[in-house]
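The values are calculated or read from the model by the stated rules, or taken from the named source; none is laboratory data. Note that this is a predicted model, so its numbers are computed, not measured. With ideal geometry, Cβ positions are generated from the backbone for all residues, glycine too; neighbour counts draw on all protein chains shown.
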Amino acid sequence: MADQTGVLCNITELAKLTGRARETCKKLMEGLESHQDGQSKRYDSHLALPRIYEIGGQGEGYYNLNVERARLSHHQANITSLKEQVETGSLIPAEEVDKNWEGMTMNWKARVLGIPANVVHELSQTNDMHEIMEILKHAINDTFLELIQEENDSNKELATQDN
């Protein structure tokens, strides 16, 4: 029986002929006899095409061109949606949130840690534990109320800038 030889095709040509991803064709051609043509390997179409159609796209690690196109379209749509959400202001970039959150917590920390320095003079003038507790309680409450008011003012300022 004579050995049938088909057209010699490289990976790109096989991918175009079959509609499969180049990666799938390349993976399926592993172990198949090839002919070196310059820098590319060429495969006998009589051997390569049945191999692609019979086992190509089945199992893990193989790529189906249509599935890959659908996956790509899905991710492109997600990216477009995220960009639209950022532009409309319904989504805030993580870097901006991190920067603002860090600034806010540093401000709160500094203000809370500053409470003892603010009340040390008053506390030094009394030995009554009840009065000391009242001074500290008022200082803490006043600090938190000031911080809340600053945040409210900051939010109002941001809202007017957006409009």
*Among the residues of region 82-94, which ones are at negative phi and exposed (fewer than 11 other Cβ atoms within 10 Å of the Cβ)?*
Glu87, Thr88, Ser90, Pro93, Ala94
_Please go through region 25-80 and give me each residue that is more than 18 Å from Val7 (Cα to Cα), modelled with pLDDT under 85 and in a helix (DSSP H, G or I), ordered by number._
Glu54, Ile55, Leu65, Asn66, Val67, Glu68, Arg69
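Matching residues to (1) of a type outside the set (A, V, I, L, M, F, W, C); (2) over 15 Å from Tyr53 (Cα atoms); (3) surrounded by 15 or more Cβ atoms within 10 Å (Cβ to Cβ); (4) touching a Leu at 6+ places or on another chain (Cβ under 9 Å):
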{"residue": "Gly6", "(1), (2), (3), (4)": "yes, yes, no, yes"}
{"residue": "Leu14", "(1), (2), (3), (4)": "no, no, yes, yes"}
{"residue": "Leu17", "(1), (2), (3), (4)": "no, no, yes, yes"}
{"residue": "Glu23", "(1), (2), (3), (4)": "yes, no, yes, no"}
{"residue": "Met29", "(1), (2), (3), (4)": "no, no, yes, yes"}
{"residue": "Glu33", "(1), (2), (3), (4)": "yes, yes, no, yes"}
{"residue": "Asp37", "(1), (2), (3), (4)": "yes, yes, no, yes"}
*Just a yes or no: is a residue in region 4-11 in contact with a strand residue (DSSP E or B) (Cβ under 6 Å, 6 or more places away or on another chain), modelled with pLDDT of 90 or more and part of a loop (DSSP other than H, G, I, E, B)?*
yes
_Suppose we filter Ile135, Ile140, Ile148 for residues that are under 43 Å from the mean Cα position of the chain (by Cα), surrounded by 12 or more Cβ atoms within 10 Å (Cβ to Cβ) and modelled with pLDDT of 90 or more; which single one remains?_
Ile140
*Go through Val97, Val119 for me and flag whichever is in the same structural domain as Leu145 (by TED's automatic domain parsing) and buried (at least 16 other Cβ atoms within 10 Å of the Cβ).*
Val119
*Out of Val86, Val120, Val112, report the one residue that is more than 38 Å from the chain's Cα centre (by Cα), of a type in the set (A, V, I, L, M, F, W, C) and in a helix (DSSP H, G or I).*
Val120
*Would you pick out the residues in region 109-149 that are within 26 Å of Gly89 (Cα to Cα) and in contact (Cβ under 8 Å) with a residue 24 or more places away in the chain?*
Leu147
